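Working notes, structure below.
Where a number appears in this text, it was derived from the coordinates with a stated rule and is not lab data. Being a predicted model, the structure only gives us computed values, none of them experimental. Don't worry about glycine lacking a Cβ; one is built from the backbone with ideal geometry, like all the others, and counts go over all protein chains shown.
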Amino acid sequence: MGKHSNPPHTDLSKIAYLCGLLENPQDSYKTIHIAGTNGKGSTAAMLADILSESGCKTGRFISPFIENFTERISINGTEISENEVVFYAQKIKNILCEKKVPDKFYPNEFDFVTLMAFLHYREKNCCISVIETGLGGRIDPTNIIKSPLAAVITSIGLDHMQYLGETVEKIAAEKCGIIKSGSPVVLYPHNCQSVKEIAKNAAFEKNCKFVVPDIKSLKIFEEKIDGAKFEYKNRPYEINLAGKHQIYNAITAIETILSISKNEIGLYDLICRGLKKTIFPARFEILSKNPLVVIDGAHNIPGVISLKETIKRLMPNKKIILICGMMKDKNPEETIKHIAGENFIDEFVGVPVDSPRAETPKKLCEIAGRYCADAKYGDNLSEIVAEVFENQMLKSENYAVVFFGSLYLAGEIKRIMKEKNNRIEK
C-alpha cells in the first residue's frame, strides 16, 4: 500500500456505510481527533505516550509512514503485525463481497486503512485512540468519529491546496470540520490570527470549550539538536524532539490532556513521563553525530520555515549542506526559496525520490541555483548517502548535512542505511 491517501471524498456517506457494515467499530472506544497541516504526527505521538503512561490501552493512527506500513496503526507503541494486517484486510474484503457493495461505496486505500485501524482498536479493547486525519478534516474518512474527547488543530499552512482551498483560511475551515458539539477544542498556539478566529468561531458554534496554549506562560531553558527543556505554567518539562515548533506541539498536547482529565492527581508526572518518552522518526532526527547528519520530513513551506529556523538556532556555527528530494506538487520553487534563499547554507544537492510524483534532481538543482551559489545534483541516492557518511572532510570540519523535502526520501535513506549496516554486520 502507498503512503498517501487518495483525493478526499465529497461527503462522509461512503465511510459511514462501510463502518455500518462492520458494526461501527469507531464507536467502541474514546477518541482524540487531530487535524492540521504540520505537527499532527508529533502531537499524536506525545498524546499517545502520555495516555499510555496512565495505564490506558491507547491506539494511535497516523499517516503517512516512513519505512513500514505497520507504523500507521499501533497500540501503546507496538505496531500492528503483518499477520494482523492480512487478517483485517481479509475480513473487510469478505464483507465487501458478501454484501455486494456497490461501486460508489467501494473503499479507496485510505478508507481501507482507516477501517483496518478502527477494527484493530476494537479487537484489542482499546480504551482510547489518538486518530490523525489523512487529508483535511471535514470530509476526511476519520471524521466519522461522533463525539471525540477533544479535537486538536495543529499548525495550519498552505498544502494540498488543490483539495482544501487556495488560502490558509479555507484550509483552516476544512480542518476545523473535525470539531464536534461539546468536545473541547485545542489549537496550536503559533497559528496566524485569522486561523485562530476561524477555530474559535467553529468552537463557539458547537458549544465547545476553546483552548489556545499560553505562550506567555512558556519559558524555554535549553534547546539542543536532540531535545529541549522548558517550563510551562511554572512546571518544568523535557522533550527529545528538536525545534521550537516541537515545544509548541508539546504544550498543545499538555493542554489537551488537561482539557480531558477529571482528576489531576499524578497528572503532571504522567505528562512528564509521556513527553520525555516520545520520539518520532524524520522530525529533525539525528542519523549520525560524526559527521552530523539530520533528516527532516519538511515538505511544504511551513515545514521548511520551521526547519530553517531550527537549523539557524541549533547549528549557528555549522557549514550547512542541504540535500533535497521532493514532490512536484509541493511547490518546489517556493519551498526551496524559503530555505535556500538567505545565504545561510554552503551547498545544495538535489537527489531523486522513488515516486512518479517526484521532481527531478536536476530541476531541484536549477531552482536552488537561483538562491544558492553552490547547487548540484546526483541521480544515485545510495551513492550520495554513502559519500555523506564516508566523507572525512565532513567528519573533520564543522559541517552539518540535512536531508529534507519528503517523507518518501526519509524512508529511502533509512532503508539504504539499514542495508549498509546489514552488509557490515555480515
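Overview of results
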{"item": "For the stretch 305-346, the fraction of alpha-carbon pairs in successive 5 Å shells from zero, as %", "result": "5, 21, 32, 25, 11, 5, 1"}
{"item": "For the stretch 190-340, fraction of C-alpha pairs farther apart than 26 Å, in %", "result": "38"}
{"item": "Stokes-Einstein diffusion coefficient of the stretch 359-426, Kirkwood radius over Cα pairs, 20 °C, 1.002 mPa s, in µm²/s", "result": "156"}
{"item": "Of every Cα-Cα pair in the stretch 173-273, the percent that sits beyond 21 Å", "result": "38"}
{"item": "Exposed GluC sites (Glu not before Pro) absent - longest run of the chain, DSSP non-H/G/I/E/B, at most 11 other C-beta within 10 Å", "result": "24-165"}
{"item": "Charged-residue dipole, Cβ positions (Lys, Arg, Asp, Glu), the chain about Cα centre, Debye nearest 20", "result": "800"}
{"item": "Partner lysines for Lys308 [C-alpha distance under 16 Å; skip if fewer than 8 residues away on the same chain]", "result": "Lys224, Lys244, Lys318, Lys319, Lys337"}
{"item": "Evaluated at q = 0.19 Å⁻¹: base-10 log I(q)/I(0), Debye formula over Cα of the stretch 227-308", "result": "-0.88"}
{"item": "Eligible lysines near Lys100 by straight Cα distance, threshold 19 Å, same-chain separation 8 or greater", "result": "Lys14, Lys91"}
{"item": "Share of alpha-carbon pairs per 10 Å distance bin for the stretch 79-237, given as whole %", "result": "9, 28, 29, 25, 7, 2"}
{"item": "Rounded, prolate or oblate (a/c below 1.5 giving rounded, otherwise prolate when a/b exceeds b/c) for the stretch 285-425 by Cα gyration tensor", "result": "oblate"}
{"item": "Overall form of the stretch 1-123 per C-alpha gyration tensor (a/c, 1.5; a/b vs b/c)", "result": "prolate"}
{"item": "Relative contact order for the chain, counting Cα pairs under 8 Å that sit 6 or more residues apart, in percent", "result": "15"}
{"item": "Other-chain or far-sequence residues with amide H under 5 Å of Gly350's (modelled H)", "result": "Cys324, Cys365, Lys376, Tyr377, Gly378"}
{"item": "Whether the stretch 323-383 is rounded, prolate or oblate, judged on the alpha carbon gyration tensor where a/c under 1.5 counts as rounded", "result": "oblate"}
